[in-house]
Amino acid sequence: MAEPRWLTDEEAQAWRRFTTMRFQLDARLDRQLGNTISIQDYGVLASLSEEPNKSMRTSELGERLGWETSRVSHQLTRMAKRGLVERRRCPNDGRGSLAVVTDAGQAAIEAAAPDHVASVRHLFIDLLTPEELRMISAVSQKVLGRLHDPADPTGS
């Protein structure tokens, strides 16, 4: 077995800072949303509410969020119990299911969005120059491409 390519001190520091930022940013945004909806609820509702019919196949939702099927299922079950989403059979495919935003879910995302966007702007967007934002976008796209590469031997 080949020796691992250990991170240099600079690489390790960059990785630690990135992961710390990611975890702390999600935690802060989750706290900002309060007790009404979680950051996970927000991700689901934002994804669904951006669709023309306010619905999406659950498999597509999982792909968009980067979640396993079981995580999507559990999240939708919790949200359905609170009246934020409904599950429906896919009209084109009896095996598939749709996640659909309810009126209560739409009201929740509309109520949460202004403060959430203000927090995203304050904690992230406004700290960066337009060039830095373009760079983060490009880097994110590159990493997402690797994550979704079926030829990647570390993928699942």
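The values are calculated or read from the model by the stated rules, or taken from the named source; none is laboratory data. Because the structure is predicted, anything quoted here is derived from the model rather than measured. FYI the Cβ positions are ideal-geometry reconstructions off the backbone, even for glycines, and counts take in every protein chain you see. These accessible areas exclude ligands, DNA and RNA; they are computed on the full protein's heavy atoms, side chains included. Shrake-Rupley method; radii C 1.70, N 1.55, O 1.52, S 1.80 Å.
Dividing the summed -39500 (n - 2.57) terms of all DSSP H runs of n ≥ 4 by the residue count of the chain sets its mean residue ellipticity at 222 nm at -20500 deg cm²/dmol. Heavy-atom surface analysis with a 1.4 Å probe gives the chain a carbon and sulfur content of 53 percent of its accessible area. Here the simple spin-label model places points 7 Å from the Cα toward Cβ, and for Glu50 and Met21 these points are separated by 2.1 nm.
Where in the chain are the helices, taken as whole DSSP H runs, whose Cα atoms extend 27 angstrom or more along the long axis and whose Kyte-Doolittle mean reaches at least 0.0? Span-like helices in the chain: 103-123.
Relative to the current alpha-carbon distance between Ala151 and Leu65, full extension at 0.36 nm per residue lengthens the span by 28.9 nm. Taking the chain as a Gaussian network of alpha-carbon nodes connected by springs under 10 Å, the highest mean-square fluctuation of the residues Ile136, Ile39, Ile125 belongs to Ile136. Among Gly145, Gly62, Gly83, whose mean-square fluctuation peaks in a Gaussian network model of the chain (Cα, cutoff 10 Å)? Highest fluctuation of the listed residues: Gly145. Under the combined filter of DSSP loop state and at most 16 neighbouring Cβ atoms within 10 Å, region 1-67 retains these GluC sites (Glu not before Pro): Glu50. I'm spelling it out carefully: the read-out is percent of Cα pairs over 26 Å apart, the candidates are [x] 40; [y] 20; [z] 26, and one was derived from this structure. Which label? So the structure-derived entry is [x]. In region 10-156, Cα pairs under 8 Å separated by at least six residues give a relative contact order of 20 percent. The local environment of Trp67, defined by Cβ-Cβ distances under 15 Å, has a net charge of -1 under the rule Lys, Arg +1 and Asp, Glu -1. Neighbours of Ala138, meaning other residues whose beta-carbon lies under 15 angstrom from its beta-carbon, give a summed charge of +1 when Lys and Arg score +1 and Asp and Glu score -1. Within the listed set Asp30, Asp93, Asp41, the residue fluctuating most in the Gaussian network model of the chain (springs between alpha-carbon atoms under 10 angstrom) is Asp93. The residues of the chain expose, per residue, 74 Å² of accessible area to a 1.4 Å probe.
Applying 1/(1 + (r/R0)^6) with R0 = 30 Å to the Cβ-Cβ distance of His122 and Glu10 gives a FRET efficiency near 0.55. Could you please report the charge total around Asp93, scoring K, R as +1 and D, E as -1 over all other residues with beta-carbon less than 13 angstrom from its beta-carbon? It works out to a net charge of +3.
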